[in-house]
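*Asks:* Quick one: the structure is below, and I'll ask about it shortly.
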């Protein structure tokens, strides 16, 4: 390993030549991600993440910052970015912009469903994100989040204990991979047909409390994982104060091991991916910012949380984003807008785009809903084109990727400015002290 700028010993990784070690990540990440032997792949990914940590990019919990936000909201909204494809290049772009704008408060996340269709298990995702940070010279806490660790409604009601075990197993895998942010989503279990709000939210509250306690029992010593909950499944009716209070009152009664959640996801009128029209464009959505403001204030004042979280926001009009920090929204989730930029970018070869689309039409035809145009179908399912074509995405012509990344960088910089998270490295370092959790590095082939 010495020729790569570092060496491995029983004490961990020792950096010999920092710049050489950083550049070696390009090769090491690629070889790890596309290693076909599962055990060997895990060894290589662990090596990559430990090297990134040795270079200063350390997985951390944002819990301390959110506790500060609960006491004194600082006027910015933390972006949580889901990266579905070309992950290493995209994450490097984000960290490059973050370094230029002195951004420290930023989360990288992946949902339970995305783990499956993007073919990125937690260890791979965390390792690639940390490697991207180190490659760009980013030093400090790196926040990796499990987004929508979601209970599947049908599976739960058919076999409750089995579905709980599935979520627990995913939590175990995420914690081992150093995901120190986890969003539990049991909002799928809300029983809206029940007569009272308390009855409607009961299962949601109970399961979120049980999973929070499970996280507390299994998180590494010295680290408090930042946990989130959700009261309104995205796409349903707008959340109400009485739902938040009912959820929290039941949640707190059933929480056996604290602290509890630091944030609460609510519904304000958006939907994941946006509402797509027959021509494939996305309809304009009216976000209920009054609801977001009211629920954020209740979350902070009555329950000591950082505030409310906005999902499904990346396809909103640009003129809306400055409003999120103004109404006290603590976190905003961004995914499909970046995906759209990648797929629709003029530099992306049309032959490759059509190759993916033909694959989707052949393999996901059962998801084509009655009345949908082809453009609507493609828009809704093209997120599933990242996993099967992962290597081809990574192997795109460097000049093509460079043009796409330039556009992504402009979008990311715009969002950072509007969400007011520029110059947040100071407040992050004041409230968060990353803890280096050493992982065992075994010999790779």
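Table: residues versus (1) under 30 Å from residue 424 (Cβ atoms); (2) assigned to a loop (DSSP other than H, G, I, E, B); (3) touching a strand residue (DSSP E or B) at 6+ places or on another chain (Cβ under 9 Å).
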{"position": "166", "(1), (2), (3)": "no, no, no"}
{"position": "174", "(1), (2), (3)": "yes, no, yes"}
{"position": "191", "(1), (2), (3)": "no, yes, no"}
{"position": "198", "(1), (2), (3)": "no, no, no"}
{"position": "229", "(1), (2), (3)": "yes, no, yes"}
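*Asks:* In region 14-25, what count of residues is obtained for those that are within 29 Å of residue 393 (Cβ to Cβ) and either at pLDDT below 95 or in contact with a helix residue (DSSP H, G or I) (Cβ under 7 Å, 6 or more places away or on another chain) (or both)?
*Replies:* Residues flagged as within 29 Å of residue 393 (Cβ to Cβ) and either at pLDDT below 95 or in contact with a helix residue (DSSP H, G or I) (Cβ under 7 Å, 6 or more places away or on another chain) (or both) within region 14-25 amount to 5.
*Asks:* Here's something else I'd like to know. Can you name the condition, by its number, that residue 178 falls short on among (1) surrounded by 21 or more Cβ atoms within 10 Å (Cβ to Cβ); (2) on the phi < 0 side of the Ramachandran plot?
*Replies:* With respect to (1) surrounded by 21 or more Cβ atoms within 10 Å (Cβ to Cβ); (2) on the phi < 0 side of the Ramachandran plot, residue 178 is out only on (2).
*Asks:* Provide a single number: the residues in region 208-226 that are in contact with a strand residue (DSSP E or B) (Cβ under 8 Å, 6 or more places away or on another chain) and either surrounded by fewer than 18 Cβ atoms within 10 Å (Cβ to Cβ) or not in a strand (DSSP E or B) (or both).
*Replies:* 5
*Asks:* Taking region 293-316, which residues are at pLDDT 95 or above and buried (at least 23 other Cβ atoms within 10 Å of the Cβ)? Walk me through how you get there before you give the answer.
*Replies:* Step one: filter region 293-316 for residues at pLDDT 95 or above, giving 293-309.
Selection gives 295, 296, 299, 305, 306, 307, 308, 309.
*Asks:* Can you list the helices (runs of 4 or more DSSP H) lying wholly within region 1-98 that have 2 or more residues being under 28 Å from residue 337 (Cα atoms), assigned by TED's automatic domain parsing to the domain that holds residue 133 and touching a residue at least 12 places away in the same chain (Cβ under 8 Å)?
*Replies:* 63-71
*Asks:* Something else now. Of the residues 352, 389, which single one is more than 26 Å from residue 333 (Cα to Cα) and in contact (Cβ under 8 Å) with a residue 12 or more places away in the chain?
*Replies:* So the residue among 352, 389 that is more than 26 Å from residue 333 (Cα to Cα) and in contact (Cβ under 8 Å) with a residue 12 or more places away in the chain is 352.
The values are calculated or read from the model by the stated rules, or taken from the named source; none is laboratory data. Treat the numbers as computed from the prediction; the structure is a model and nothing was measured. Cβ: placed from backbone, ideal geometry, glycine included. Neighbour counts: every protein chain shown.
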